[in-house]
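What follows is a set of notes on a single structure, which appears directly below.
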Amino acid sequence: MHVVAENVESDSGQVKTDFGRWEQTEEEVNVIVDLPSNPGFKVKGKDVAVVATPTSLAVSVFKEQKLKGDLFACVSPSDMVWTIDDNKLHITLIKALKGSTHCWTSLFKDGPPHSQYTADPWTLDNMRKQLTRERFQRENPGMDFSGAEVTGNYQGGGPELPS
């Protein structure tokens with residue numbers, strides 16, 4: 001049985017999780033971790049530990065593990081950036097394999113306890129469409145594809161456009 005994320009913001013291509021949410025572009029995977037909120041108290045950088053390897057990610061806040069697992073695909077850990085903004089920890093991971101053909105279907109490799117981070121079919125479809133629009137924009141910088149409707153064969157990066 002294949003379990004998918006229960007709370008999905010399908011129109012934005014974001015997968016909601018128990019720690020916050022994640023999303024992707026052609027080049028990046030963005031992980032947003034909700035931080036504890038107490039009136040008059042803010043989480044600081046010294047309270048957070050983010051450890052990334054080419055194949056894994058671990059995040060702790062106040063030494064309490066928020067997420068840990070083997071990533072869906074490889075990243076470049078030396079290019080990782082994280083910031084705290086608006087009581088959220090924003091982690092940007094750079095994909096080792098970039099482009100619209102490298103769509104992550106989950107944040108972590110499948111299987112319990114990480115199967116909840118898998119995008120449901122509707123969200124995955126929207127992610128693939130967005131990556132295809134990004135590819136078209138990159139290949140045709142003078143054109144605006146932001147509102148373009150992507151239909152047909154866009155899985156695997158979409159169709160090849162004539163040169």
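Listed here are the pairs 66/129; 46/95; 44/109; 42/109; 44/98; 68/95; which of them are more than 22 Å apart at the Cα? Checking Cα-Cα distances, 66/129; 46/95; 44/109; 42/109; 44/98 exceed 22 Å. Only protein heavy atoms count here; under a 1.4 Å probe, residue 84 has an accessible surface of about 60 Å². Near residue 47, once Lys and Arg are set to +1 and Asp and Glu to -1 for all other residues with Cβ below 11 Å from its Cβ, the sum equals +3.
The values are calculated or read from the model by the stated rules, or taken from the named source; none is laboratory data. What you see is a predicted model; the values in this text were computed from it and never measured. In this analysis, Cβ positions are derived from the backbone assuming ideal geometry, glycine residues included, and neighbour counts consider all displayed protein chains. The protein model used for the area step is the full one, side chains on, heavy atoms only, and it has no ligands, DNA or RNA in it. Shrake-Rupley method; radii C 1.70, N 1.55, O 1.52, S 1.80 Å.
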